[in-house]
Amino acid sequence: MALSGSALPLREPVQVMRIDVITLFPAIFTGYLDQSLLAKARKRGLVQIVLHDLRAWSPDKKHFKVDDRPYGGGPGMVIRVEPVVECVEAVQRMADVPGRLLVMSPTGRPLDQQLVRQLAASPRLILLCGRYEGFDQRVYDLLHPEPISIGPYVLNGGEVAAMVIIDSVIRWIPGVLGNEESCRSDSFSQDPHFVKAAQYTRPPEYRGLKVPEVLLSGDHEQIRKWREEDSRRRAELRRQWLARHDTACGNQTEEGRAPPHPPES
Ligand code: ADE
C-alpha cells in the first residue's frame, strides 16, 4: 500500500538504521559512502552501512566465480543460486533485526518518494545487487526479495540503483539533514504530485533576471502564499507535460526532451 507523505512520522533515532549491501563490486560504493551527508551520518552513528562481497560465498574457493552459463543457451552469464542464498542467510544472521530484502531490478516496483519513506521507516534493509544477465530464478523462489526499479531502463548492475535507494532513504533519518523540515518540503514528499517552489539566492539580479520581489520583502505570510502558488503552478505544468509526453511508457513524442524547469505549458 502506498503511504501518503504525511501519514508516516519521522522515525525516532532510538535505533541506528542498518543497510547491508550485497554486491560483486563493493569498491563501487567506497567513494560514495565517504562523502558529504552520508559520511557525516555514518560518523555520527545515524546509519550503519555494511558491504558484503558476494564472491566470499562462492563455492569456487580458487577463482571465487559466482556465475555460470544459462541452461538452454543464450547470451551472457547468470549468477548462481547457492552463493546468493547462503550470503543472504548469513547476512540476515549478522544482526538481531531481520532485514527487508530488496533486489535491484529494472522490472521491479518503481521507486518513488512514498516507497522511500516506507523504506526509511524500516530498521534494516538488505540491498541485493545483480550483474550480468541476473540471478538464477531460484534466488527469487527461495528468498522472495522485493524487486525495486529506479526507472524503465537497464543499468550494468544494481549498484547504482542501491546507491539511489540509500541516498533517498537516509534523508528521512532524523538528524541526517541540517534542517529536519528539509525533506518534508522536497518535491513529491507531501503528495506524489507535489513540486517544490522555485528557490533563489544572491545576487538579486543576474543578466536581467530578477528574484521575485516578494522573496526580498521579509513578509513571511506573503512569501508562504507565493511559494504555495508557485508550487501549484509547477505541479500543474508538470502534470500537463507528463500527459503529453507519456514518459512512463517511453512514448515520448517531441524529441524525447526532459520537461523544462518549470515545464512549459
Ligand atoms: N538493475 C539494472 N537496471 C536497473 C534499474 N533500472 N533499476 C534497478 N536495478 C537495476
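No value in this document is a laboratory result; all are computed from the given coordinates. Values in this document were obtained by computation on a predicted structure and should not be read as measured data. In this analysis, Cβ positions are derived from the backbone assuming ideal geometry, glycine residues included, and neighbour counts consider all displayed protein chains.
For the stretch 134-141, what does the Karplus curve 6.51 cos²θ - 1.76 cosθ + 1.60, with θ = phi - 60°, yield as ³J(HN,Hα) per residue in whole Hz, taken in order and with x for Gly and Pro?
Along the stretch 134-141, the couplings run x, 9, 3, 3, 5, 4, 5, 5 Hz.
Would you mind calculating the gained length between Asp246 and Phe64 on full extension (0.36 nm times residue separation, minus the Cα-Cα distance), in nm to one decimal? Provide the component values of the computation, followed by the final result.
Values: separation 182, 0.36 × 182 = 65.52 nm, distance 4.46 nm.
Full extension from Asp246 to Phe64 adds 61.1 nm.
Report, in degrees rounded to the nearest 10, the 0 to 90 angle that the Cα long axis of helix 81-93 makes with the longest principal axis of the chain.
That helix lies at roughly 70 degrees to the long axis.
Exposed loop sites here are GluC sites (Glu not before Pro) in DSSP loop states with at most 10 other C-beta atoms within 10 Å. What is the longest stretch of the chain lacking them?
In short, 1-180.
Under Stokes-Einstein, with the Kirkwood radius over Cα pairs standing in for Rh, what whole-number D in µm²/s applies to the chain at 25 °C and 0.890 mPa s? Walk me through the numbers before you get to the answer.
Values: Rh = 21.1 Å.
The estimated diffusion coefficient comes to 116 µm²/s.
Write out the trypsin sites (Lys or Arg not before Pro) in the stretch 133-236 meeting two conditions: DSSP loop, and at most 10 other Cβ atoms within 10 Å of their Cβ.
Values: sites: Arg138, Arg171, Arg184, Lys196, Arg207, Lys210, Arg224, Lys225, Arg227, Arg232, Arg233, Arg234; in loops: Arg171, Lys196, Arg207.
Qualifying residues, ordered by number: Arg207.
For the stretch 156-231, restrict the atom set to alpha-carbon positions and state the Rg and Dmax in Å.
Gyration radius and largest Cα-Cα distance of the stretch 156-231: 16.5, 50 Å.
At a 10 Å Cβ-Cβ cut-off, how would you order Thr201, Thr23, fewest neighbours first?
Values: Thr201 7, Thr23 23.
By the 10 Å Cβ count, ascending, the order reads Thr201, Thr23.
Quick one: Cα convex hull volume of the stretch 116-160, Å³ per residue? Numbers along the way, then the final one.
Details: hull volume 4.3 nm³, N = 45.
Per residue, the Cα convex hull of the stretch 116-160 comes to 96 Å³.
Where Rh is the Kirkwood radius over the Cα pairs of the stretch 92-236, the temperature 4 °C and the viscosity 1.567 mPa s, what D in µm²/s does Stokes-Einstein return? Walk me through the numbers on the way to the answer.
Details: Rh = 18.2 Å.
Answer from the Stokes-Einstein relation: 71 µm²/s.
Chymotrypsin sites (Phe, Trp or Tyr not before Pro) within the stretch 126-198: which are DSSP loop residues with at most 12 other Cβ atoms inside 10 Å? Intermediate results must be reported in sequence, preceding the final value.
Numbers: sites: Tyr132, Phe135, Tyr140, Tyr153, Trp172, Phe188, Phe194; in loops: Tyr132, Tyr153, Trp172, Phe188, Phe194.
Listed in order of number, the matching sites are Tyr153.
Quick one: helix 220-245 against the long Cα principal axis of the chain, what's the angle to the nearest 10°, folded into 0 to 90?
60
Can you give the FRET efficiency for Arg207 and Arg109, using 1/(1 + (r/R0)^6), R0 = 41 Å, r = Cβ-Cβ distance, to the nearest 0.05?
Values: r = 44 Å, r/R0 = 1.06.
Result of the calculation: an efficiency of 0.40.
Could you work out, for the stretch 18-92, what percent of all Cα-Cα pairs fall into each 5 Å distance bin, beginning at 0 Å and stopping at the bin that holds the largest distance?
Percent of pairs per bin, in order: 3, 14, 20, 18, 15, 12, 9, 5, 2, 1, 0.
Pick out, in residue order, every one of the trypsin sites (Lys or Arg not before Pro) in the stretch 51-96 that is DSSP loop and has at most 16 other C-beta atoms within 10 Å; say none if there are none. Spell out each step's value before the answer.
On the way: sites: Arg55, Lys61, Lys62, Lys65, Arg80, Arg93; in loops: Lys61, Lys62, Lys65, Arg80.
Listed in order of number, the matching sites are Lys61, Lys62, Lys65.
Please compute the alpha carbon radius of gyration of the stretch 195-249, then divide it by the globular-protein estimate 2.2 N^0.38 Å. Two decimals is fine. Don't jump to the answer; show the numbers that get you there.
Values: Rg = 14.5 Å, N = 55, 2.2 N^0.38 = 10.1 Å.
The reported ratio for this selection is 1.44.
Where q = 0.28 Å⁻¹, what log10 of I(q)/I(0) comes from the Debye formula for the stretch 128-188, counting one point per Cα?
The calculated log intensity ratios at q = 0.28 Å⁻¹ are -1.21.
What translational D, rounded to a whole number of µm²/s, comes out for the stretch 17-170 from Stokes-Einstein when the hydrodynamic radius is the Kirkwood one over Cα pairs, at 20 °C and 1.002 mPa s? Each step should come with its number before you reach the end.
Values: Rh = 15.9 Å.
Using the Kirkwood radius from Cα pairs, D works out to 134 µm²/s.
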